[in-house]
Each structure stands twice: as structure tokens, then as C-alpha cells.
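Down below is the structure, laid out as C-alpha cells.
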Amino acid sequence: MDARHPELAVGDRVTYTAGRRSDWTRACRRGCVAATPVFDRYTTTWWVPVQPDGAAEDTEPKWVRRDRIVDVATPT
């Protein structure tokens with residue numbers, strides 16, 4: 001598990017879609033990458049731990065699939 005996602009790093013701001021793929025009314029949400037993304041070799045999916053905006057600091061991050069992230073902004 002030493003694979004690193006080339007586009008995402010801890011502290012990056014992300015915009016991601018919430019809800020199911022078949023739901024056309026799903027909303028975009030924003031948050032901050034809380035830890036290093038994890039690659040699941042069995043499903044070939046990148047999972048990104050995201051701390052949603054407005055969540056308390058001690059709230060567990062949400063696991064978001066990389067393919068649901070639509071925008072990434074690296075802090076300057």
C-alpha cells in the first residue's frame with residue numbers, strides 16, 4: 001500500500017458530488033482532504049478521506065470515491 005495518489009494531498013480543498021450516480025439532483029459539497037488517499041486494490045478504487053466544510057474538528061472524515069471529486073484546489 002505505498003501507492004500515492006498523484007493529484008491529491010493532505011490539505012487540498014475538494015468539491016465532490018454526494019448521492020448515488022443515478023440521482024440527477026445530487027448536490028456538490030466541499031471539504032478538505034484529511035489524510036492520505038487510500039487505494040483499494042480489490043475494487044481498483046481510490047478512496048479519499050474528506051473533512052466536510054462546517055463539520056466539527058473531531059468529526060470522522062467521510063470516505064469519498066476519487067471519481068466523485070470534481071474539483072481540486074491546492075492551498076498556496
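The values are calculated or read from the model by the stated rules, or taken from the named source; none is laboratory data. The structure displayed is predicted, hence computed values, not measured ones. Glycine gets a Cβ as well: all are built from the backbone with ideal geometry, and neighbour counts include every protein chain shown.
A few comments on the model shown:
- Look at region 55-76: where a residue is exposed (fewer than 10 other Cβ atoms within 10 Å of the Cβ) and a partner is of a type outside the set (A, V, I, L, M) and not in a strand (DSSP E or B), sitting 6+ places away or on another chain with Cβ atoms under 6 Å, you get PRO75/GLY11.
- Which listed residue is of a type in the set (Asp, Glu), modelled with pLDDT under 95 and under 10 Å from the mean Cα position of the chain (by Cα), from ASP23, ASP67: ASP67
- Residues in region 8-20 that are at pLDDT 80 or above and not small (Gly, Ala, Ser): LEU8, VAL10, ASP12, ARG13, VAL14, THR15, TYR16, THR17.
- Residues within region 26-45 that are at pLDDT 90 or above and surrounded by 11 or more Cβ atoms within 10 Å (Cβ to Cβ), tallied: 13
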